[in-house]
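Following: one structure in structure tokens, then a few remarks.
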Amino acid sequence: MLHGVGRVSVDPFALFLSPERFSGQMRLLARLGLRGVSLAELRAAEDRGQARGLVGLTFDDAYRDVLDWAPPVLAGYGFTATVFAVSGLLGGENAWDPPPRRRLMDADDLRRLVREGWELGSHGATHVRLAGLDAEQLQHEVAGSRSALAGVTGVPPTTFCYPYGSVDEASVEAVRAAGYSAACAVRPPPGLDRELASPRLGVAERDHPLRLAARLLLSGHRSR
Ligand SMILES: [Zn+2]
């Protein structure tokens, strides 16, 4: 689980990786014989029993800065990724966080990434916690964001990402009912469908390659 890549001076939630750190992390994956892929590609490989050596790469929130740094690095290794966009804030800012805020990708930016082989997934309509929402709000965030993003690329997204990792039984069911086939949380509570509430490993600037290697090992990733 990544968020931003770029040069930011103030980053209170430690969401951004410096371009150097990000490049070092991707180089590590390649050296370990791992390949970064989108969630859709990971799931398809799992269904075929061929997911060994694959690592799903996800970028939450769709920060505009990511465009300048991540696509060339990933392309250099033959990697892809999933970007999770907030459908109601395309071209806007991360209004859910206190300032200073960062620009978010607009529809053209997202289409460009999709042309480069990235997957576009939904991160909801307004970036609110889904656990505890009523049925109408859930519908807006989950199904509404899906149809809005379908309007961007012409294809409804198949992957969802819960804002703040906030997920409960009702939100999993809303995601299933809306037609998504995969969804990411962070540390989901036990008992939920893992396909629709997958745990993720968050990476930050402090994850220099050796530290990241240790974390991947502890999380059960094995190279080819
Ligand atoms: Zn987010």
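For the chain, the relative contact order is 20 percent, taking Cα pairs closer than 8 Å that sit 6 or more residues apart in sequence and dividing their mean separation by the residue count. Annotation: the residues C184, C161, sorted from fewest to most other C-beta atoms within 10 Å of their own C-beta, follow the order C184, C161.
The residue list A143, G132, G49 was ranked by how far each Cα lies along the charge dipole of the chain toward its positive end, using unit charges on Cβ atoms, and G49 comes out on top. Note on the chain: helix-only mean residue ellipticity at 222 nm, from DSSP H runs of 4+ residues weighted -39500 (n - 2.57) and normalised by residue number, equals -10000 deg cm²/dmol. Listed from fewest to most Cβ neighbours within 10 Å, the set W69, W96, W118 follows the order W96, W69, W118.
Note on the chain: with charges restricted to the Cβ of Lys and Arg (+1) and Asp and Glu (-1), its dipole about the Cα centre is near 1020 debye. Kirkwood radius, the stretch 78-204, all distinct C-alpha pairs, inverse of mean reciprocal distance: 14.7 Å. Counting only Cβ charges, +1 for Lys and Arg and -1 for Asp and Glu, the dipole size of the stretch 100-203 around its Cα centre is about 440 debye. Listed from fewest to most Cβ neighbours within 10 Å, the set H208, H140 follows the order H208, H140.
The three principal axes of the Cα atoms in the stretch 4-219 give end-to-end lengths of 46, 41, 31 Å, sorted in falling order. What the Cα convex hull of the stretch 26-148 gives, in volume per residue, is 132 Å³. Close amide-amide hydrogen proximity is noted between V37 and V55, G56, L57, T80, each under 5 Å apart and 5 or more residues distant or on a separate chain (H modeled in the peptide plane; Pro and chain starts excluded). Under the membrane-span-like helix rule (DSSP H runs whose alpha carbons stretch at least 15 Å along the helix axis, mean Kyte-Doolittle hydropathy -0.5 or higher), the chain yields 65-77. Extents of the stretch 1-62, taken as max minus min of Cα coordinates on every principal axis and listed largest first, are 44, 25, 13 Å.
Where a number appears in this text, it was derived from the coordinates with a stated rule and is not lab data. Quick caveat, the model's predicted, so the values are computed rather than measured. When we count neighbours, we look across all protein chains shown, and the Cβ atoms used for this are built from the backbone with ideal geometry, even at glycine.
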